[in-house]
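These notes concern the structure reproduced below.
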Amino acid sequence: MKRIVEGKAFVFGSNIDTDQIYPGRYLDLTDPESVARHAMEGADPDFVKKVQPGDIIVAEKNFGCGSSREHAAITLKSAGVGAILAESFARIFYRNAINLGLPLLVIPQIGGKVKSGDRISVDIQTGLVQNETSNTEIRGEQISEYMFHILKNDGIKNLIKNQCGK
Amino acid sequence: MHALEKILAKAANKESVSAGEIVNCQIDMAGINDLYLQTIRSFYEMDGEKVYAPDKTIVFLDHYAPASTVMQADNQKQFREFCREQGIDKLMDINQGVCHQIMADKGFSKPGQLIVITDSHTTTHGAFGAFGTGVGATDLAIILRTGSLWFRVPEVIRINLEGQLRPGVYAKDVILSIIGKLGSDYAVYKGVDFTGTLLKQFSISERMALCNMTTEMGAKTCYIQPDEVTFAFLEGNKVTDYEVFETDSDFQYSADLTFDVTDLYPQIAAPHSVDNVFPLSDYEGEAVHQAFLGTCTGGRVEDLAVAAHILKDSKINPLTRFLVVPASSQVLMEAMEKGYIQTLVEAGATLVTPGCAACLGTHEGMIAEGEVCITASNRNFPGRMGHGKAEIFLASPASVAAAALNGYITDPARYLIEREGQDEKNS
Ligand code: SF4
């Protein structure tokens, strides 16, 4: 995992649910590359054409609410999203993303402080966000130790593998 | 401690736990749905060979029951093979129904249990005094691999329900009204404990609808203290081995709310979020193309009963399609025995086999661009049931049936009152 993630911001509002992140009609796809093709399709059908590796999703409240589908986290990770910054996250989405090694950070009031297209960077460990376009700094919540530990290992699968041995 | 904390403490083999703590818990029952083939993949990616506790694992082929694409069929095939290889005998194939209803029907859901399913509405099992919570595929794979999973002990909110319901008002209206007031992220990461005198009037079916919908306010889990209603239900299902936990009297809730339902009229959640709730009368007369009765929220025997009551000897509006999907095969059988299915089909309903059906927008009753659907299910996000520009209204099963009858949204109370008048005259 890279501690500093840097990229272009894609800004969304509140209650972006899992049907918008990954529509139910594609749930029978399983390989990550096909899953990646439908990232954010319900909210912005052109998202996959625009997103570059490392880009950052910024949202307001309750990002990822709705179903427990891991596809929602897989699609964003596989599409190259480097981190997601939101005012709050839905619980299952939060677990799914961290488990996959996709960094999520809770940043109060971030919605109003970043515009789509801004270049931003974020320190995953401290929660400090730099908006390079507007030249401002935003301080978010620090991620808990256990979550950071999972991210550092690039996802929980590696952790469990080491823990269980073969 | 709260009863929910006591369940976690026992599962973590600890004397006590408290909110915010991270604990590793043994799981009593782990369920996987057919949407989550990733669970099996993650299991093998973690070098899994044998499932830790096949007897505590249950597989549901419900979301794609029966398969409508080759890919769905293939996913289900892989699940069947996995069950065979791993000695998982609780394979609930496509003839069974929706996971949460099966858990209730078959007596797998019981007080004091820690139940984890790859489905967000696992909060439903609070109706039985269990700690039920939904997870994603990789978390479930960790359970398959190790038998346990980490949890953050949640804070608990109490929602005290008081008063008497008017005719035509149900648990679904109560929970919609609460979500409308509190918002869809009010209970994120938290447990919700329902208390109060209204619960005594609620059957298991109504309690399941109530607990089911707490997911739509973000809740991690839900709880209703088991009482005579619960015990009678369990006895009827011949479930005897369970432990009932009780909340200590000095437990501090993170919030303590009371709702009086006496003045509540039927409610409706308008597109496109579950907390966009209004009195149903605000939408009186809105034409609907499809009325959908079913799912883990509103597809139980009592739901079909009220719909049959409203539609008896009538025909649905020809401009409306009326989909009826019993939540499980047991529900279907019981509803047939009681004649509800016959009544509904005679009235013009399209009967769909037990399962999730159109609820999640994959098959069996999708809606087109510009269409309006009223549904007894739990989500109305854009695209949830088909086209992203279709409109979904959430309401009670009675309100769904009244809309099917008229072809537009209307208060179900008058049919219930009229019918009761007629039934009295006839008896
Ligand atoms: S019926 Fe709907 S809400 Fe319930 S488990 Fe199935 S898809 Fe999910």
Q. So which residues in the stretch B:14-40 are within 15 Å of B:ARG152 (Cα to Cα) and free of Cβ contacts under 8 Å to residues at least 60 places away in the same chain, if there are any at all?
A. B:LYS14, B:SER16
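Can you tell me which residue among B:LYS181, B:LYS172 is out of contact with any helix residue (DSSP H, G or I) (no Cβ under 9 Å at 6 or more places or on another chain), modelled with pLDDT of 95 or more and not hydrophobic (A, V, I, L, M, F, W, C)?
Exactly one of B:LYS181, B:LYS172 is out of contact with any helix residue (DSSP H, G or I) (no Cβ under 9 Å at 6 or more places or on another chain), modelled with pLDDT of 95 or more and not hydrophobic (A, V, I, L, M, F, W, C), namely B:LYS181.
If the requirement is being free of Cβ contacts under 8 Å to residues at least 40 places away in the same chain, among the basic types (Lys, Arg) and touching a Lys or Arg at 6+ places or on another chain (Cβ under 6 Å), which of these qualifies: A:ARG91, A:ARG95, A:ARG139?
Details: A:ARG95 fails: touching a Lys or Arg at 6+ places or on another chain (Cβ under 6 Å); A:ARG139 fails: touching a Lys or Arg at 6+ places or on another chain (Cβ under 6 Å).
On inspection, the qualifying residue turns out to be A:ARG91.
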Q. Quick one: would you say B:SER16 is modelled with pLDDT under 95 and not acidic (Asp, Glu)?
A. no
(Q) Quick check on the stretch B:182-203. Is at least one of its residues out of contact with any His (no Cβ under 9 Å at 6 or more places or on another chain), within 16 Å of the ligand (Cβ to nearest atom) and assigned to a helix (DSSP H, G or I)? (A) no
**Q.** Scan of the stretch B:373-397 for residues that are under 21 Å from B:LEU319 (Cα atoms), out of contact with any Asp or Glu (no Cβ under 6 Å at 6 or more places or on another chain) and within 12 Å of chain A (Cβ to nearest Cβ), ordered by number
**A.** B:MET385, B:GLY386, B:ILE392
**Q.** Matching residues, the stretch B:208-221, being within 16 Å of the ligand (Cβ to nearest atom) and assigned to a loop (DSSP other than H, G, I, E, B)
**A.** B:GLY218, B:ALA219
**Q.** Residues satisfying the stated conditions in the stretch B:152-176, i.e. surrounded by fewer than 24 Cβ atoms within 10 Å (Cβ to Cβ) and either assigned to a helix (DSSP H, G or I) or within 11 Å of chain A (Cβ to nearest Cβ) (or both)
**A.** B:ARG152
Q: Would you tally the residues in the stretch B:41-69 being outside any loop (DSSP other than H, G, I, E, B) and more than 8 Å from chain A (Cβ to nearest Cβ)?
A: 9
Q. Filter the stretch B:369-381 for residues that are within 16 Å of the ligand (Cβ to nearest atom) and assigned to a loop (DSSP other than H, G, I, E, B); which is nearest to A:PHE63 (Cα to Cα)?
A. B:PHE381
Q) Inside the stretch A:99-113, can you point out the residues that are over 9 Å from the mean Cα position of the chain (by Cα) and either aliphatic (A, V, I, L, M) or more than 11 Å from chain B (Cβ to nearest Cβ) (or both)? A) A:LEU100, A:VAL106, A:ILE107, A:PRO108, A:GLN109, A:ILE110, A:GLY111, A:GLY112, A:LYS113
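Please find, among B:LEU416, B:LEU405, the residue that is aliphatic (A, V, I, L, M) and at pLDDT below 95.
B:LEU416
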**Q.** Selection within the stretch B:174-222 - within 24 Å of B:LEU234 (Cβ to Cβ) and among the small types (Gly, Ala, Ser)
**A.** B:GLY191, B:GLY196, B:SER203, B:SER205, B:ALA209, B:ALA219
Q: Restrict the check to the stretch B:203-210 and report whether at least one residue is within 14 Å of chain A (Cβ to nearest Cβ) and either in contact with a Leu (Cβ under 7 Å, 6 or more places away or on another chain) or of a type outside the set (A, V, I, L, M, F, W, C) (or both).
A: no
**Q.** Matching residues, the stretch B:22-40, being in a loop (DSSP other than H, G, I, E, B) and more than 11 Å from every other protein chain (Cβ to nearest Cβ)
**A.** B:ILE27, B:ASP28
Q.
Going by what's in this entry, would B:VAL17 be described as of a type outside the set (Asp, Glu) and more than 14 Å from the ligand (Cβ to nearest atom)?
A. yes
Q.
Consider the stretch B:222-241. How many of its residues are part of a loop (DSSP other than H, G, I, E, B) and closer than 13 Å to B:ALA3 by Cβ?
A. 3
Q) Which condition does B:LYS181 not pass, out of (1) within 21 Å of A:MET147 (Cα to Cα); (2) more than 12 Å from chain A (Cβ to nearest Cβ), if it passes all the others? A) (1)
Q. Has the stretch B:249-271 got at least one residue that is part of a helix (DSSP H, G or I), within 30 Å of B:MET385 (Cα to Cα) and in contact (Cβ under 8 Å) with a residue 60 or more places away in the chain?
A. no
Q.
Being hydroxyl-bearing (Ser, Thr, Tyr) and more than 27 Å from B:SER148 (Cβ to Cβ) is the requirement here; does A:SER144 meet it?
A. no
Q: Being more than 16 Å from the ligand (Cβ to nearest atom), under 30 Å from B:ALA401 (Cα atoms) and among the charged types (D, E, K, R) narrows it down to one of B:ASP256, B:ASP263, B:ASP248, B:ASP241, so name that one.
A: B:ASP263
Q: Among the residues of the stretch B:273-306, count how many are assigned to a loop (DSSP other than H, G, I, E, B) and either within 16 Å of the ligand (Cβ to nearest atom) or within 14 Å of chain A (Cβ to nearest Cβ) (or both).
A: 6
Q.
Looking at the stretch B:398-414, can you tell me whether even one residue there is more than 13 Å from B:GLN290 (Cβ to Cβ) and within 15 Å of the ligand (Cβ to nearest atom)?
A. no
Q) Which one is nearest to B:GLU206 (Cα to Cα) among residues in the stretch B:289-329 that are small (Gly, Ala, Ser) and surrounded by fewer than 24 Cβ atoms within 10 Å (Cβ to Cβ)? A) B:ALA305
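The values are calculated or read from the model by the stated rules, or taken from the named source; none is laboratory data. Being a predicted model, the structure only gives us computed values, none of them experimental. As a convention, Cβ positions derive from the backbone with ideal geometry for all residues, glycine included, and neighbour counts pool all protein chains shown.
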